[in-house]
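Taking it in order: structure first as structure tokens, then the write-up.
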Amino acid sequence: MLLTIFQRMAETPWSVALHESLWVWPLIESTHVLTLALFAGTAMLFDLRLTGRALTSMPTATVMARLLPLTRLGFVLMVATGLLLFYASPVRNYQNIFFRTKMLLMVLAGLNVWLFHNGIYRRVHEWGHAAELPRAARMAGWASLLLWTGVIVTGRLVAYNWFDCDIQPQSAFVNWAAGCVVP
Amino acid sequence: MLLTFFEWCEATVLGETIRTSLWLFPAIECVHLLGLVMLGGSVLMVDLRLLGVGLREQPIAQVADAGHRLLTTGLIIMLATGIPLFLSEAIKCYYSPSFWVKILTLLPAIAFALTVRRRVTGADPATVNDRQRTLTAVASLGLWFTVAAAGRWIGFS
């Protein structure tokens, strides 16, 4: 079902134009990569505060309040450029196991954000200047660092065609995980 | 002369090992990218603070101190991964304008971060004016942006 949609998407003139463009695609890709410094960079700063590895002399609530708008701006730019990159090669991305793993890790990272904000973070006003935070907050920080690292690594590996469907034979597991249609 | 040096780099055991491996280059590059997050995050934190954005309740010196430690850690990760990546494709780099832009901007970027920017952020706030802070932040952001963008562009050339 999704495959059919993405196959049609791949045939749209703008998708083809983006895919074949000499300058636009590299510019979008570069923006996607450089925005990592803004999005993942500020998220990392907050996670390092949670885990007590950096910015420990600053109140957690202030660090969060001041960094979150920057992280959000970074996220919007990442998603906007990411969607365009997906649109340029929908089928190839959809059937790429690194892309699929990345999406899965992003869901888990999002779940971690949601659990953190609706859980232990409600008590942020109690933490003040404390360098060491409750265990749950530290765990949320480590989980975030680990998950976003996974997102960045799998995101970088999307570029490699090692497990692409058009390179056969692949193992049955790869074909299943990538959603390859093998005759 | 310079080309001879680049040829020597390309022929090193490390360069050769990475070049002939299927996964070493991508693996090192992933760590290089994670280093960028740390380096870029710290650069943004301090430069935006100089521009009055972000951690603006915190004294500049305090933000800069935290930023400096992350900057050096990030820089060490980037150099430790960047040099092996370079060794594996030194000849390609020699003929890549992006590579030269990156390297020739990297040196002033590091020098600026360790000297002028360090002095401006560490100085008694009363002795530095807003104009100097803004100029420092803009210069720093411009230098590091050029390094990162040119670095990414090596892969497209």
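The values are calculated or read from the model by the stated rules, or taken from the named source; none is laboratory data. Worth saying up front: this structure is predicted, and the values here are computed from it rather than measured. Here the Cβ is made from the backbone with ideal geometry for all residues, glycine too, and neighbour counts use every protein chain on show.
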Of (1) surrounded by 14 or more Cβ atoms within 10 Å (Cβ to Cβ); (2) among the small types (Gly, Ala, Ser); (3) touching a Pro at 6+ places or on another chain (Cβ under 9 Å), B:SER157 satisfies all except one. Which? (1)
Among the helices (runs of 4 or more DSSP H) contained in the range B:1-69, which hold 3 or more residues that are within 14 Å of chain A (Cβ to nearest Cβ) and either hydroxyl-bearing (Ser, Thr, Tyr) or touching a residue at least 40 places away in the same chain (Cβ under 8 Å) (or both)? B:24-50
Would you list the helices (runs of 4 or more DSSP H) that sit entirely within the range A:14-122 and hold 2 or more residues that are touching a helix residue (DSSP H, G or I) at 6+ places or on another chain (Cβ under 6 Å), at the interface with another protein chain (Cβ under 9 Å from one of its Cβ atoms) and not hydroxyl-bearing (Ser, Thr, Tyr)? A:24-50, A:60-88
Of the residues B:ALA27, B:ALA11, only one is aliphatic (A, V, I, L, M), more than 21 Å from the chain's Cα centre (by Cα) and within 17 Å of B:PRO84 (Cβ to Cβ); which? B:ALA11
Would you confirm whether or not the range A:157-165 contains a residue that is charged (D, E, K, R) and either within 22 Å of A:ALA43 (Cα to Cα) or without any contact (Cβ under 8 Å) to a residue 12 or more places away in the chain (or both)? no
Exactly one of B:LEU107, B:LEU85, B:LEU143 is in a helix (DSSP H, G or I), among the hydrophobic types (A, V, I, L, M, F, W, C) and touching a Ser or Thr at 6+ places or on another chain (Cβ under 7 Å), and that one is B:LEU143
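It is to be established whether one or more residues within the range B:124-140 are outside any helix (DSSP H, G or I), away from chain A (no Cβ under 14 Å) and either under 16 Å from the mean Cα position of the chain (by Cα) or at pLDDT 95 or above (or both). Even if it seems obvious, please write down each step before you answer.
Initial filter on the range B:124-140 (outside any helix (DSSP H, G or I)): B:124, B:128-129.
Next cut, away from chain A (no Cβ under 14 Å) only: B:124, B:128-129.
Adding the requirement that they be either under 16 Å from the mean Cα position of the chain (by Cα) or at pLDDT 95 or above (or both) leaves none.
No, that holds for no residue.
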Among the residues of the range B:88-97, is any buried (at least 19 other Cβ atoms within 10 Å of the Cβ), within 30 Å of A:LEU157 (Cβ to Cβ) and of a type in the set (Ser, Thr, Tyr)? yes
Selection count where residues are in a helix (DSSP H, G or I) and either without any contact (Cβ under 8 Å) to a residue 24 or more places away in the chain or surrounded by fewer than 20 Cβ atoms within 10 Å (Cβ to Cβ) (or both), scope the range A:124-142: 9
Could you tell me whether the range A:41-51 includes any residue that is farther than 24 Å from A:ALA143 by Cβ, among the acidic types (Asp, Glu) and in contact (Cβ under 8 Å) with a residue 24 or more places away in the chain? no
What are the pairs, 6+ residues apart or on separate chains, where a residue within the range A:22-37 that is modelled with pLDDT under 95 has its Cβ under 9 Å from a residue that is crowded, with 20+ Cβ neighbours inside 10 Å and part of a helix (DSSP H, G or I)? none
Sort out which residues of the range A:49-70 are more than 21 Å from A:ARG123 (Cβ to Cβ) and surrounded by fewer than 20 Cβ atoms within 10 Å (Cβ to Cβ), and write them in order of number. A:PRO69
